[in-house]
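Asker: One structure, pasted below without further comment.
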């Protein structure tokens, strides 16, 4: 019989499994340490390395992504954002700005807590999957700085306008270049939301070019895989299954990602799951051996 209180334990005689050894306070420490380390390392690259901002590599990578999408006939992010913002009340875009800045963390936290309490036997491998997926994203941030759509026409130090308008005539009275080549809008900067990643405060503590891979897609897909088996009602399963697609819509209409960034997030998740499953199985077999328990039925010896 499984009992879940402050500590999660499993009756060995009933399940044939070793004590899972899960402690809520230890999980909190793990999560804080991993995410703090991830954020710190992410901000060592791109625009967050503390040195002079060099926008050209990230801008050129963005042009390469756009060209790839054009070559396969699937470059639509600019049209989708323009269409949506032309809706009445700009499609209530501030809701999606808040979604982008907040739901990314809230839904993942809810999924972790629910799995910890209701499916502790699945918890460790999926917690490890999330951790490894997040760490793998650092490879992309370090090797492929990518300017998000919202910055392509931005005239600031992080934006692409300074790159493509260099040397051109400044036709307006303010002496500013015509920053309208791509047509994207930073919706959070214009209409507000949870936090503006383009604000001076956020710019000082974040890497503006950490767009590939998209952890919004990696995390939201992880949430769907965790929540769907746990939910009982069909409508709830459908909502959980649609969560990654909704997130994809949000990251595009807010100008924060290209859809290809989402493929990068799913790739990291797939590799993260394979590594987490192998590592967790090794750890559980070693723990079982240390506790003198037999291998579960059907296990190879």
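The values are calculated or read from the model by the stated rules, or taken from the named source; none is laboratory data. These numbers were taken from a predicted model, which means no experiment stands behind them. Neighbour counts run over all protein chains shown; Cβ positions are idealised from the backbone, glycine included.
Asker: Considering 124, 94, 117, 150, which residue is farther than 19 Å from residue 189 by Cα and within 23 Å of the chain's Cα centre (by Cα)?
Answerer: The match here is 124.
Asker: Another question, if that's okay. Consider residue 117 carefully, then state whether it is in contact (Cβ under 8 Å) with a residue 24 or more places away in the chain, assigned to a helix (DSSP H, G or I) and in contact with a strand residue (DSSP E or B) (Cβ under 7 Å, 6 or more places away or on another chain).
Answerer: When the stated conditions are applied, residue 117 passes them.
Here's the yes/no breakdown for (1) closer than 18 Å to residue 24 by Cα; (2) touching a strand residue (DSSP E or B) at 6+ places or on another chain (Cβ under 9 Å); (3) surrounded by fewer than 21 Cβ atoms within 10 Å (Cβ to Cβ); (4) at pLDDT 95 or above:
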position: 80; (1), (2), (3), (4): no, no, yes, yes
position: 83; (1), (2), (3), (4): no, no, yes, yes
position: 86; (1), (2), (3), (4): no, no, yes, yes
position: 98; (1), (2), (3), (4): no, no, yes, no
position: 101; (1), (2), (3), (4): no, no, yes, no
position: 121; (1), (2), (3), (4): yes, yes, yes, no
position: 130; (1), (2), (3), (4): yes, no, no, yes
